[in-house]
1. Do we have Met78 as of a type in the set (A, V, I, L, M), more than 16 Å from the chain's Cα centre (by Cα) and open to solvent by less than 50 Å² (accessible area, probe 1.4 Å) here?
2. Would you check if there is a residue in the range 57-75 being assigned to a loop (DSSP other than H, G, I, E, B), in contact with a helix residue (DSSP H, G or I) (Cβ under 7 Å, 6 or more places away or on another chain) and open to solvent by 30 Å² or more (accessible area, probe 1.4 Å)?
3. Output yes when any residue across the range 10-27 is farther than 18 Å from Leu129 by Cβ, open to solvent by 60 Å² or more (accessible area, probe 1.4 Å) and either assigned to a helix (DSSP H, G or I) or of a type in the set (Val, Ile, Thr) (or both), and no when none is.
4. Of all residues in the range 112-132, count the ones that are modelled with pLDDT of 80 or more and surrounded by 12 or more Cβ atoms within 10 Å (Cβ to Cβ).
5. Check whether at least one residue in the range 54-65 is at pLDDT 80 or above and within 20 Å of Asn14 (Cβ to Cβ), and report yes or no.
6. Just the residues that are surrounded by 15 or more Cβ atoms within 10 Å (Cβ to Cβ) and closer than 20 Å to Arg94 by Cα, please, taken from the range 28-46.
7. Could you check Pro118 against (1) closer than 25 Å to Phe7 by Cα; (2) in contact with a helix residue (DSSP H, G or I) (Cβ under 9 Å, 6 or more places away or on another chain); (3) of a type outside the set (S, T, N, Q) and say which number it fails?
Amino acid sequence: MGWFYGFKLHLIVNENGELVSFFITPGNTPDNNIETVTKLAKRMVGKLFGDRGYISKDLFAALRSQGTQLITGIKKNMKNKLLPLMDKIMLRGRGIIETINDQLKNIQQIEHTRHRSPVNFGVNLISGLIAYQLQPKKPSLDFTNSEQQLLAQPLLLPA
């Protein structure tokens, strides 16, 4: 009865909760697939925050050559590295993407299993993404300018 299109939606969002880039892959594509992530972050420069599923030395190197720094959490068996305070705080704010995924699935209803054609699947997905973008209130990190400046400053320890 019907069709099933197993897919994975990869998203990049900014600190205001707005969609910057998206890419659709088959459901069995790993998160740290170099080709997928480099296409997704093609025109990006700066820092890209992801979960532990994106850990890969080759992916880090590929994104670095594009001018993008990938920042992820670490696995239990990895050595801890010092991160600037702003990067650490931004990495904690990565939960915003989970909220956005939840809204896309439940409010915009992009997770639909009764598609009868690939065109219907595509139209439903794109319309859900557009509907999300048109929402007046999106999940976001609300830093004031002064808070951003304080977080960007180096940490000074007392002597």
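1. Values: of a type in the set (A, V, I, L, M): yes; more than 16 Å from the chain's Cα centre (by Cα): yes; open to solvent by less than 50 Å² (accessible area, probe 1.4 Å): no.
Criteria not met by Met78.
2. The answer is yes; a qualifying residue exists.
3. No - not one qualifying residue is present in the range 10-27.
4. Total satisfying the criteria: 12.
5. Restricting attention to the range 54-65, the residues satisfying the condition of being at pLDDT 80 or above are 54-65.
Cutting the leftovers down to within 20 Å of Asn14 (Cβ to Cβ) gives us 54, 63.
Within the range 54-65, one or more residues are at pLDDT 80 or above and within 20 Å of Asn14 (Cβ to Cβ).
6. Correct list: Asp31, Asn32, Asn33, Thr36, Val37, Thr38, Leu40, Ala41, Met44.
7. (2)
The values are calculated or read from the model by the stated rules, or taken from the named source; none is laboratory data. On a predicted model such as this, the values are computed, not experimentally measured, just so you know. Heads up, the Cβs are rebuilt from the backbone with ideal geometry, glycines too, and the neighbour counts pull from every protein chain shown. Please note that ligands, DNA and RNA were not included when accessible areas were found on the heavy atoms of the full protein model with its side chains. Shrake-Rupley method; radii C 1.70, N 1.55, O 1.52, S 1.80 Å.
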